[in-house]
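Presented below is the structure to which this report refers.
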């Protein structure tokens, strides 16, 4: 399987008051005084005249106390403003909680580069083998329960380990005896080592035997 490396940035440009975070605009609030002799502008929220400082955000004028995060109610005196997909204003913390993608491993919001694999999002540092915890690059191996593994440990995870040599069964055919699996060449009588692939065998305590020696040993 291949993973895709993506990027999600949270950045603010010095030459504009708007930037992009996950495809959504964010703004640095700008305050302006009311020019002398000019009619007072109207607040976009309460529709009352703005006699003092005017907060400009999203191209509209506001009283500084009339524009607040729709979740926590925090005003934007010292906060960057984020506009959500619903058109509401959010502080950075609540915007991340509401709209930022979540890492499937740690369940925390993702900023910066991330991995997209199996239709799910991962922090790069969370995209690791479930057994040895080594970071995984483009190639990884998923198990049926949704975990991811390196090439070395996927075989243990999916129980494709030869019961005789205890090494992974990576290529070729596999012989199953109950829940045990064997390389074809390793499926042998536990007493005489006669190969039992495509032959009659008897099982005892997780070990295969040819007919002759099963009868000799166990009657």
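Some notes on this structure:
- Residue in region 115-123 that is at positive phi, part of a strand (DSSP E or B), exposed (fewer than 15 other Cβ atoms within 10 Å of the Cβ) and in contact with a strand residue (DSSP E or B) (Cβ under 7 Å, 6 or more places away or on another chain) present: no
- Inside region 61-91, residues that are in contact (Cβ under 8 Å) with a residue 60 or more places away in the chain, over 27 Å from residue 118 (Cα atoms) and surrounded by fewer than 16 Cβ atoms within 10 Å (Cβ to Cβ) make up a count of 0.
- Test: residue in region 187-194 that is surrounded by fewer than 17 Cβ atoms within 10 Å (Cβ to Cβ), without any contact (Cβ under 8 Å) to a residue 12 or more places away in the chain and in a loop (DSSP other than H, G, I, E, B): yes
- Just one residue in the set 100, 89, 96, 57 is within 20 Å of the chain's Cα centre (by Cα) and either at pLDDT 85 or above or farther than 30 Å from residue 139 by Cβ (or both); that residue is 96.
- Put simply, of 200, 152 the only residue that is under 30 Å from residue 117 (Cα atoms), without any contact (Cβ under 8 Å) to a residue 60 or more places away in the chain and part of a loop (DSSP other than H, G, I, E, B) is 152.
- Criterion applied to 73, 22, 84 was being on the phi > 0 side of the Ramachandran plot and at pLDDT 85 or above, and the one residue passing it is 73.
The values are calculated or read from the model by the stated rules, or taken from the named source; none is laboratory data. These figures come from a predicted structure and were not determined experimentally. Every residue, glycine among them, receives a Cβ derived from its backbone with ideal geometry; neighbour counts consider all protein chains shown.
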